[in-house]
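Peer 1: First, the structure itself, so that you have it in front of you.
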Amino acid sequence: MVFLATATAVLIATATAAPLPPCFLSMGDWGYTDPHVVSMSTLMQKAINEPETYGCSNVSLTLALGDNFYDRGVGSVDDPLWESIFVNQFRKFPAFQKQPILATMGDHDYAAVNPSEQPNHTRAQAQIDYHYQKDPLWVMPDANYTYTETFNNGMKIKFIMANTEALYSCIHLRPEWCFQPDHDKWIEAELEKSDNDTSIDAVIIGGHHAVVCPLGGHYDPKLDAVL
């Protein structure tokens, strides 16, 4: 199923913050060429260029929360979908050219969850390879990674970008399809590091599969139980 792409502006504020706090953008289910995506991109560019219009002092990064390339991900770093979906609709515009895009995997980025159907998850791996070979600001150094940003109000936030497709396959799909079975332990370890790091003001976990989503009243009790 293909959903409409969605984008959200998130404000980062403290009790002593300036009147306009810094923000970042978040989008999901965005990976196709469509008038809705073009409209979303246009509004996101406006938020970056005119942040005060949206109650922000600046917008410094964007989260791309999976299903980045419908319908079956990308085959390589040279797949034409990079150009049509990512570059032409986002990266080629000045507002996005210096904008880190913190990306994570969705189910469509894998094309097939069963590892026997897609050895080494090659289509998902292509998005990791793109970070190293084409665009370092497409931030996906691994399927799971962390990224720390110090915003212009002084807040230091750690982003834990989690491959929730691994969690989902272990929880909901056939047991033999489970990969990264210790994934929840990685998340727990990263949270513990953050608890012990006094320089970190907040932690945000980004991922594709939601525990709770207000659209349609979605709730995933199995994912909730793991996390």
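The values are calculated or read from the model by the stated rules, or taken from the named source; none is laboratory data. Here the structure is a predicted model, which is why all the values come from computation and not from measurement. Reconstructed Cβ throughout: ideal geometry from the backbone, glycine too, with neighbour counts over all protein chains shown. These accessible areas exclude ligands, DNA and RNA; they are computed on the full protein's heavy atoms, side chains included. Shrake-Rupley method; radii C 1.70, N 1.55, O 1.52, S 1.80 Å.
Peer 1: Which count do you get for residues in region 141-175 that are open to solvent by 60 Å² or more (accessible area, probe 1.4 Å), part of a loop (DSSP other than H, G, I, E, B) and without any contact (Cβ under 8 Å) to a residue 24 or more places away in the chain?
Peer 2: So the answer is 1.
Peer 1: Another question about this same structure. Looking for whichever is part of a helix (DSSP H, G or I), in contact (Cβ under 8 Å) with a residue 24 or more places away in the chain and open to solvent by 40 Å² or more (accessible area, probe 1.4 Å) here; the options are 52, 83. Which one fits?
Peer 2: Unique residue meeting the criteria: 52.
To keep it simple, each residue is scored yes or no on (1) over 20 Å from the mean Cα position of the chain (by Cα); (2) among the hydrophobic types (A, V, I, L, M, F, W, C); (3) surrounded by 15 or more Cβ atoms within 10 Å (Cβ to Cβ).
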residue: 177; (1), (2), (3): yes, yes, yes
residue: 186; (1), (2), (3): no, yes, yes
residue: 192; (1), (2), (3): yes, no, no
residue: 202; (1), (2), (3): no, yes, no
residue: 211; (1), (2), (3): no, yes, yes
residue: 225; (1), (2), (3): yes, yes, no
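Peer 1: Regarding residue 59, is this residue among the aliphatic types (A, V, I, L, M), touching a Cys at 6+ places or on another chain (Cβ under 7 Å) and at pLDDT 95 or above?
Peer 2: Yes: the conditions hold for residue 59.
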